[in-house]
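S.K.: Please read through the structure below; I'll follow up with questions.
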Amino acid sequence: MTTFVDRVELNVAAGNGGHGCASVHREKFKPLGGPDGGNGGRGGDVILVVDQDITTLLEYHHHPHRKATSGQPGAGDNREGKNGKDLILPVPDGTVVLDKNGEVLADLVGQGTQFVAGQGGRGGLGNAALASARRKAPGFALLGEPGESRDIVLELKTVADVALVGYPSAGKSSLISVLSAAKPKIADYPFTTLVPNLGVVTAGATVYTIADVPGLIPGASQGKGLGLEFLRHVERCEVLVHVLDTATLESHRDPASDLDVIEAELAQYGGLGDRPRVVVLNKVDIPDGKDLADMIRPDLEARGYRVFEVSAVARQGLKELSYALADIVATARAAKPVQEATRIVIRPKAVDDAGFTVTKDADGIFRVRGEKPERWVHQTDFNNDEAVGYLADRLNRLGVEDALLKAGARSMDGVAIGSDEDAVVFDWEPSMSAGAEMLGRRGEDHRFEAPRPSAQRRRDRDAERDEAQGEYDGFSPF
């Protein structure tokens, strides 16, 4: 059964904002006391937080869909809806967040580091908040904004000071088991280690972590033998330790050629050329292994490597190796700049930025894209004429109508606001400059009013009354 997962695809959905309320205050002797509809609550965010007690992404492998709670709708008497709860998702230290196209969104390193993977939707305004001098009693409210929903990829890159690299069965798992308290599975067949193992080593005053990276083979940098999955775990290490098998039973292999193959794969993978290297000649407790180590050591030292002869089984040479690695790690830590508290950078938008674009696609549709118009469309109740009129007024004030005219749009041309998936498409008709002052009864806008029998009868009665009044005014008995 799988107990370690270092890459998952996760679908996150933030909570939707609650709808605003359209309500009018009523009490005895005050039947129309003014609008009192409350605002909707904000939807909850989806937040990734580094937790050092978490070491695997297994939980998200089994449950890849995560959704925050939505905000509650507003109510009368100016009661605002309850905000949705944020969904906190703990992830291991060293988790990289990517979008579905492979672009890095965040690199989460350090306890408590956060990333908002999904932004909750804003709550809709109630009619009390929408009231103005021209619109004293709005008969509509804004809908809640949908929460952000998207697919992301989580990749775990092991955070360790020292990485043990080498061929399968070179003795890496045995070495980490005697240098630290880690107890990895150990056997003599290839690819025993399928997941990284971490151990903590104490050498004098220095405490550092060591990672046993699964075995590499020729072609690992191109993905052969899951090489890319393994190489990902050496990116953050300060020291690379080549563990070479001096007692291999394969006739076509020797420590020098093994080192050249692994170095070639590391170079192909890239980004590791500046890391210090240490060579460990393992299994020198075997007579043939000791003889081969004595033969190959001068050549390796001539190439600039620090070489250590050890035996994980007999526990030979481990103290010298652990202290040498501690010195390299301490030097690397001292060379790093002092970490400062994360600075919050505020990037306000330009005051004169309209915040939208108008383009014409191949089908002749004029497409309007921008944060404000798309949000306004999502918050509009299209079953309410007054709400639609309010949207038209807002778009006109933003400059959308002028931009459409400049782009060549004419009456009854198709206009789409939003992306291809959730765009609102309509036949555009240039509106008049008048807006709220044209409103009739609550919930109605005369610009969208269709002829109704009752309205026509009312107009006929008014016309007859005016005509009768005119005849009476013109009558004279003399």
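S.K.: I need a count of the residues in segment 251-293 that are farther than 20 Å from residue 304 by Cα and touching a Ser or Thr at 6+ places or on another chain (Cβ under 9 Å).
M.R.: Total satisfying the criteria: 11.
S.K.: Is it the case that some residue within segment 304-312 is in contact with a Ser or Thr (Cβ under 8 Å, 6 or more places away or on another chain), at pLDDT 90 or above and either in a loop (DSSP other than H, G, I, E, B) or not aromatic (Phe, Trp, Tyr) (or both)? Even if it seems obvious, please write down each step before you answer.
M.R.: Initial filter on segment 304-312 (in contact with a Ser or Thr (Cβ under 8 Å, 6 or more places away or on another chain)): 312.
Pick out the ones that are also at pLDDT 90 or above and you get none.
No - not one qualifying residue is present in segment 304-312.
S.K.: Of everything in segment 250-292 that's of a type in the set (S, T, N, Q) and in contact with a helix residue (DSSP H, G or I) (Cβ under 8 Å, 6 or more places away or on another chain), which residue is least open to solvent (accessible area, probe 1.4 Å)? Can you show your working first?
M.R.: Taking segment 250-292 and keeping what is of a type in the set (S, T, N, Q), we get 251, 257, 268, 282.
Okay, now just the ones that are also in contact with a helix residue (DSSP H, G or I) (Cβ under 8 Å, 6 or more places away or on another chain), so 268, 282.
Values: 268: 125, 282: 4 Å².
Top of the filtered list is 282.
S.K.: Would you pick out the residues in segment 93-106 that are surrounded by fewer than 20 Cβ atoms within 10 Å (Cβ to Cβ) and assigned to a loop (DSSP other than H, G, I, E, B)?
M.R.: If we filter segment 93-106 for residues that are surrounded by fewer than 20 Cβ atoms within 10 Å (Cβ to Cβ), which is where we start, we get 96-106.
100, 101, 102, 103 - these are the residues of segment 93-106 that are surrounded by fewer than 20 Cβ atoms within 10 Å (Cβ to Cβ) and assigned to a loop (DSSP other than H, G, I, E, B).
S.K.: Sort out which residues of segment 359-415 are in contact with a Ser or Thr (Cβ under 6 Å, 6 or more places away or on another chain), closer than 30 Å to residue 137 by Cβ and open to solvent by 10 Å² or more (accessible area, probe 1.4 Å), and write them in order of number.
M.R.: Hits for segment 359-415 are 391, 392.
S.K.: Cβ contacts < 6 Å: first residue within 16 Å of residue 208 (Cβ to Cβ) and touching a residue at least 12 places away in the same chain (Cβ under 8 Å), restricted to segment 308-326; second residue acidic (Asp, Glu) and open to solvent by 10 Å² or more (accessible area, probe 1.4 Å), any location; separation 6+ or different chain. Result?
M.R.: Listed pairs, sorted by first residue: none to list.
S.K.: Search segment 88-106 for residues being touching a Lys or Arg at 6+ places or on another chain (Cβ under 9 Å) and not basic (Lys, Arg), and hand back the single one that is farthest from residue 70 (Cα to Cα). Steps first, please.
M.R.: Here is the first cut: in segment 88-106, the ones touching a Lys or Arg at 6+ places or on another chain (Cβ under 9 Å) are 89, 94-96, 99-100.
If we keep only those that are not basic (Lys, Arg) as well, we get 89, 94-96, 99.
On the way: 89: 17, 94: 30, 95: 27, 96: 27, 99: 24 Å.
Top of the filtered list is 94.
S.K.: Please pick out the residue among 69, 56, 95 that is at negative phi, more than 18 Å from the chain's Cα centre (by Cα) and of a type in the set (Val, Ile, Thr). Walk me through how you get there before you give the answer.
M.R.: Values: 69 fails: more than 18 Å from the chain's Cα centre (by Cα); 95 fails: more than 18 Å from the chain's Cα centre (by Cα).
Selected residue: 56, the only one of 69, 56, 95 that is at negative phi, more than 18 Å from the chain's Cα centre (by Cα) and of a type in the set (Val, Ile, Thr).
S.K.: Output the residues belonging to segment 107-160 that are under 20 Å from residue 65 (Cβ atoms) and in a strand (DSSP E or B).
M.R.: Listed by number, the residues that qualify are 115, 116, 117, 118, 149, 150, 151, 152, 153, 154, 155, 156.
S.K.: How many residues are open to solvent by 40 Å² or more (accessible area, probe 1.4 Å) and touching a residue at least 40 places away in the same chain (Cβ under 8 Å) if we restrict to segment 16-29? Give the steps one after another, and end with the answer.
M.R.: Step one: of segment 16-29, the residues open to solvent by 40 Å² or more (accessible area, probe 1.4 Å) are 16, 19, 22, 25-29.
Retained after the next criterion (residues that are touching a residue at least 40 places away in the same chain (Cβ under 8 Å)): 16, 19, 22, 25.
Count: 4.
S.K.: Just checking, does segment 52-61 include any residue being within 16 Å of residue 126 (Cβ to Cβ) and either modelled with pLDDT under 90 or touching a strand residue (DSSP E or B) at 6+ places or on another chain (Cβ under 9 Å) (or both)?
M.R.: no
S.K.: Which of the residues belonging to segment 181-204 are out of contact with any helix residue (DSSP H, G or I) (no Cβ under 7 Å at 6 or more places or on another chain) and modelled with pLDDT of 80 or more?
M.R.: 200, 202
S.K.: Only one of (1) among the charged types (D, E, K, R); (2) modelled with pLDDT of 90 or more; (3) open to solvent by less than 30 Å² (accessible area, probe 1.4 Å) is not met by residue 6, so which one is it?
M.R.: (2)
S.K.: Now, a different point. Based on this model, can you work out whether residue 410 counts as basic (Lys, Arg) and part of a loop (DSSP other than H, G, I, E, B)?
M.R.: Values: basic (Lys, Arg): yes; part of a loop (DSSP other than H, G, I, E, B): yes.
So residue 410 fits the description; yes.
S.K.: Looking only at segment 30-86, filter to residues that are β-branched (Val, Ile, Thr) and open to solvent by 10 Å² or more (accessible area, probe 1.4 Å); which one of those is nearest to residue 7 (Cα to Cα)? So that I can check it myself, show each step before the final result.
M.R.: Taking segment 30-86 first, the residues β-branched (Val, Ile, Thr) are 46-47, 49-50, 54-56, 69.
Next, from what is left, pick out any that are open to solvent by 10 Å² or more (accessible area, probe 1.4 Å): 47, 49, 54-56, 69.
Details: 47: 18, 49: 16, 54: 14, 55: 12, 56: 9, 69: 26 Å.
Among them, the one singled out is 56.
S.K.: Among the residues that make up segment 341-348, is at least one of them among the small types (Gly, Ala, Ser) and modelled with pLDDT of 90 or more? Let's see the steps before the verdict.
M.R.: Step one: filter segment 341-348 for residues among the small types (Gly, Ala, Ser), giving 341.
Narrowing further to those that are modelled with pLDDT of 90 or more: none.
No, there is no match, as no residue in segment 341-348 is among the small types (Gly, Ala, Ser) and modelled with pLDDT of 90 or more.
S.K.: So, residue 418, is that one touching a helix residue (DSSP H, G or I) at 6+ places or on another chain (Cβ under 9 Å), under 18 Å from residue 142 (Cα atoms) and surrounded by fewer than 19 Cβ atoms within 10 Å (Cβ to Cβ) or not?
M.R.: yes
S.K.: Let me ask something additional. One residue is enough: does segment 312-325 have a residue meeting the conditions under 45 Å from the mean Cα position of the chain (by Cα) and of a type in the set (Val, Ile, Thr)?
M.R.: Checked against the condition, which is being under 45 Å from the mean Cα position of the chain (by Cα) and of a type in the set (Val, Ile, Thr), segment 312-325 yields no hits at all.
S.K.: Contact list please: Cβ distance under 8 Å, first residue in segment 81-94 and within 11 Å of residue 108 (Cβ to Cβ), second residue part of a loop (DSSP other than H, G, I, E, B) and among the basic types (Lys, Arg), pairs at least six apart or on different chains.
M.R.: So the pair list comes out as 94/157; 94/236.
S.K.: Looking at (1) open to solvent by less than 20 Å² (accessible area, probe 1.4 Å); (2) in contact with a Leu (Cβ under 6 Å, 6 or more places away or on another chain); (3) closer than 17 Å to residue 151 by Cα, which is the one condition that is false for residue 13?
M.R.: (2)
The values are calculated or read from the model by the stated rules, or taken from the named source; none is laboratory data. Given the structure is predicted, the values throughout are model-derived calculations rather than measurements. A quick note on method: Cβ atoms are made from the backbone with ideal geometry, for glycine too, and the neighbour counts reach across all protein chains shown. Protein only, heavy atoms only, side chains kept; ligands, DNA and RNA dropped before computing areas. Shrake-Rupley method; radii C 1.70, N 1.55, O 1.52, S 1.80 Å.
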